[in-house]
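Quick notes on the structure that follows.
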Amino acid sequence: MNALLSQGNSHSATTEALGDNLPDMTEQYTTLTQWLAHCESLHPLGQRGIELGLERVRTVADRMQLRFDCPVITVAGTNGKGSTCAMLASILGQAGYRTGVYSSPHLVHFEERLRLNGEAIEADKLLSGFAAVEKARGTGDDEVSLTYFEFTTLAIFDVMSRAGIDVAILEVGLGGRLDAVNIIDADCAVITSIDLDHMELLGNTREAIGFEKAGIMRTGRPVVVSDPVPPQSVLDHALEVGADLWRFGVDFNVSGDKQQWGWAGRGRRYSGLAYPALRGANQLVNASGVLAALTALRDKLPVTAQAVRNGFAFVELPGRFQIIPGQPTLVLDVAHNPHSVAALAANLDAMGFYPTTHAVFGAMADKDLAPMLAKVGPLLDRWYFTDLPTSRAASGVDLQSAWEAQNTRNDASAKSFSDPMTALQAAIAAADPADRIVVFGSFYTVGGVLQQGVPRMQAKHLNS
């Protein structure tokens, strides 16, 4: 069950620009902030840069003799990866396994990228991993330049591999085939929904993007495809490499009503399940893939029906259609592409009537804004567009201009703000108790309103 090296994004404003306060390059860094700043300085593409390819990261991983001595599950896809990882970890944790989950990006703190037994790791426990990567990069002619994502991924993998976990759950970053996570041979791969995103790097069709996601498949090992209508390129690649394909609607399926749901596939059946604690109709598709993966791995990681029920009941993941009770109601969602925004719109519509819905929105400059705005436009009455603390983001002013260019509602309005929290405070000031505020878009948008913890909404009449 050893996961060996295969042969064949950015972090938020938690890291400060250290400038002249950086230690000498020959000294050992003593804080996570210093290590992250060092990672940003190494590669010409910088912290925000992306350079796909496995040669550099595999070279360093080989020098580190990096390996996982436990079953590994990798999860790729356009949307639903984080939810899938969270549900896998929750069920396996309920079954008594020690879990390690790697995910990116994070909402507030870098340490969220590694969760051991459901808890974000402490910053100082990551330092040894960064030191191991730095040593393995070499010097002089042997030095390997790593991107921020590659360096931090290897550092976290090093810590995970020595953490005494029973199962490693690895969320794939951008794409799959050339993503740094793909240096690991997984015991089971999961591919969630596939849609158009990061098209400048992955291709401008679902078929091209599907091919990139399919790169996490391995010969003779299960791959669960939970997308109900997967691109043909995914199915073709499974056949080409000889993976054990588990396909939604063919090898497993779901059924249910408003009260409960059931799952059936390949010799196992679950009935009378409560819906996952993660809200949204789209989560049932993710949950079905989770059960397929656990069924495929039942010889290595057996779980009971009770662990499944408890795992779905207690799963938590901030920022995924997260509803914060209060007056007004607050909804947080990292929907940042047309597919996920369409799911958000459906979920908002299912919430029922609210007199006015206020929306705080920030996004990267490369996003396909028109279909995103069109999907939620009928549901959102007051827009609060915001700048974000990254050069990759569109400005609030530019987002507002894009919205104004396509807006056809005379009763809708928009303003721009310098940061997500200022935008949220403006929305709170304008909202009535029965209204709803939706914060969505980039991880930076949602993370920006969580810097001081989860906001608690209190109606104006309660403050008077």
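Every read-out reported here was derived from the displayed coordinates using simple, explicitly stated rules and does not represent laboratory data. Just so it is clear, the model here is predicted, and its values are computed rather than measured. Methodologically, a virtual Cβ is constructed for each residue, glycine included, from the backbone with ideal geometry; neighbour enumeration extends over all protein chains shown.
For the chain, take the convex hull of the Cα atoms, compute a quarter of its surface area, and give me that in nm², please.
Numbers: hull surface 90.0 nm².
Averaged projected area of the chain's Cα convex hull equals 22.5 nm².
Counting other Cβ atoms within 10 Å as a rough exposure proxy, the listed residues 41, 416, 161, 391 run 391, 41, 416, 161 from fewest neighbours to most.
Each of 336, 73, 123 was placed along the dipole of the chain (beta-carbon charges, centred on the mean Cα), and the one lying farthest toward the positive end is 73.
Around residue 125, what is the net charge, scoring Lys/Arg as +1 and Asp/Glu as -1 over all other residues with Cβ under 14 Å from its Cβ? If you can, show how the numbers build up before the last one.
Values: positive: 113, 115, 162; negative: 111, 112, 119, 122, 124, 158.
Result for the local shell: -3.
Counting Lys and Arg as +1 and Asp and Glu as -1, each charge on the Cβ, what is the dipole of the range 348-464 about the Cα centre in debye, to the nearest 20? Before the final figure, lay out the partial values.
Details: 9 positive and 11 negative charges, 45 e Å.
Rounded to the nearest 20 debye, it is 220 debye.
The shape of the range 322-463 can be summarised by an equivalent ellipsoid whose semi-axes, obtained from the alpha carbon gyration tensor, come to 21, 17, 14 Å from longest to shortest.
About the centre of its Cα atoms, the chain shows a dipole size close to 1580 debye [charges on the beta carbon of Lys, Arg (+1) and Asp, Glu (-1) only; nearest 20 debye]. So what's the net charge close to residue 222: Lys and Arg +1, Asp and Glu -1, counting the other residues with Cβ under 14 Å from its Cβ? That sum, taken over residues with Cβ under 14 Å, equals +2. When each of 57, 439 is scored by the number of other beta-carbon atoms lying within 10 Å, the sequence from fewest to most is 57, 439. Of the residues 308, 31, 92, the one whose Cα sits farthest toward the positive end of the charge dipole of the range 19-314, with +1 on the Cβ of Lys and Arg and -1 on the Cβ of Asp and Glu, is 308. Taking the number of Cβ atoms within 10 Å of each Cβ as an exposure proxy, the fewest-first ranking of 125, 213 is 125, 213. Between 294, 458, 238, the Cα set farthest toward the positive side of the dipole of the chain (charges on each charged residue's Cβ, about the Cα centre) is that of 294.
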